[in-house]
Amino acid sequence: MLARQVADAVDALVAVWTEAAEAITPRLSTHQLKALTAVRHRSELNLTALAETLGIALPAASRLCDRLEAAGLLERVPHPRNRRELQLRVTAQGRKVLADLAERRSAGLAAVFAAMTPAQRTSLAQGLHAFRESHAAERGREG
């Protein structure tokens, strides 16, 4: 019963997340958002590392970057220490799109939280903390 309730709550969270992504301009696919986010978080990412990070083939990663580059969100620049390698970098426009997405996601969550009582918000925070701790402990036992 609890697992079903949590699954339903996750579905609602995914809906908030997806609605925010669908509202940004330009509209990006899930893979494009993942790629842009990965490049933003790892400043020295190259095409091969991006493909590995996303779990996709190198040609698919290349096409993904082509589309992001054409949209002005990503650029390929010479690697500072290896002349034969290109480094991926999020452009100013790409950073603006990601900031807009983060803002829309935060606003969507804030709207849901505003409809909850303070006690419900506290309970949710405590439950999520306990879930994260239990998940980390379980992963530690598996590793």
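For the range 129-137, does any single residue satisfy the condition of being under 19 Å from the mean Cα position of the chain (by Cα), farther than 30 Å from residue 27 by Cα and modelled with pLDDT under 95?
Yes - at least one qualifying residue is present in the range 129-137.
Which condition does residue 112 not pass, out of (1) in contact (Cβ under 8 Å) with a residue 40 or more places away in the chain; (2) closer than 24 Å to residue 49 by Cα; (3) of a type in the set (A, V, I, L, M, F, W, C), if it passes all the others?
Unmet for residue 112, out of (1) in contact (Cβ under 8 Å) with a residue 40 or more places away in the chain; (2) closer than 24 Å to residue 49 by Cα; (3) of a type in the set (A, V, I, L, M, F, W, C): (2).
Could you tell me which numbered condition residue 78 fails, if it satisfies all but one of (1) touching a strand residue (DSSP E or B) at 6+ places or on another chain (Cβ under 8 Å); (2) open to solvent by less than 30 Å² (accessible area, probe 1.4 Å)?
Just one mismatch for residue 78, condition (2).
Just checking, which of 104, 141 is open to solvent by 50 Å² or more (accessible area, probe 1.4 Å), at pLDDT 95 or above, of a type in the set (D, E, K, R) and part of a helix (DSSP H, G or I)?
None of the other options fit; the residue is 104.
Just the residues that are polar (S, T, N, Q) and farther than 14 Å from residue 104 by Cα, please, taken from the range 9-50. Before the answer, list the steps.
Pass one, the range 9-50, residues polar (S, T, N, Q): 18, 25, 29-30, 32, 37, 43, 46, 48.
29, 30, 32, 37, 43, 46, 48 - these are the residues of the range 9-50 that are polar (S, T, N, Q) and farther than 14 Å from residue 104 by Cα.
What's the number of the only condition in (1) open to solvent by 40 Å² or more (accessible area, probe 1.4 Å); (2) in contact with an Asp or Glu (Cβ under 9 Å, 6 or more places away or on another chain); (3) not aliphatic (A, V, I, L, M) that residue 94 fails to meet?
Answer for residue 94: the failing condition is (1).
For every residue, the table says whether it meets (1) of a type in the set (Gly, Ala, Ser); (2) within 18 Å of the chain's Cα centre (by Cα).
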residue	(1), (2)
15	yes, yes
18	no, yes
41	no, yes
51	yes, yes
71	yes, no
76	no, no
85	no, no
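Please verify whether the range 3-25 includes one or more residues that are touching a strand residue (DSSP E or B) at 6+ places or on another chain (Cβ under 7 Å), among the acidic types (Asp, Glu) and without any contact (Cβ under 8 Å) to a residue 60 or more places away in the chain.
Checked against the condition, which is being touching a strand residue (DSSP E or B) at 6+ places or on another chain (Cβ under 7 Å), among the acidic types (Asp, Glu) and without any contact (Cβ under 8 Å) to a residue 60 or more places away in the chain, the range 3-25 yields no hits at all.
Here is a yes/no grid of residues against (1) more than 28 Å from residue 25 (Cβ to Cβ); (2) acidic (Asp, Glu); (3) in contact with a His (Cβ under 8 Å, 6 or more places away or on another chain); (4) in contact (Cβ under 8 Å) with a residue 12 or more places away in the chain:
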position	(1), (2), (3), (4)
45	no, no, no, yes
63	no, no, no, no
68	no, no, no, yes
82	yes, no, no, no
86	no, no, yes, yes
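Kindly indicate the residue of the range 18-45 that is open to solvent by 50 Å² or more (accessible area, probe 1.4 Å), under 22 Å from residue 63 (Cβ atoms) and assigned to a loop (DSSP other than H, G, I, E, B) and also modelled with the lowest pLDDT among those meeting that condition.
For the range 18-45, the residue satisfying everything is 44.
The values are calculated or read from the model by the stated rules, or taken from the named source; none is laboratory data. Because the structure is a prediction, the values reported are computed rather than measured. No Cβ is skipped: glycine too gets one built from the backbone with ideal geometry, and neighbour counts run over all protein chains shown. Accessible surface areas use protein heavy atoms only, side chains included; no ligands, DNA or RNA. Shrake-Rupley method; radii C 1.70, N 1.55, O 1.52, S 1.80 Å.
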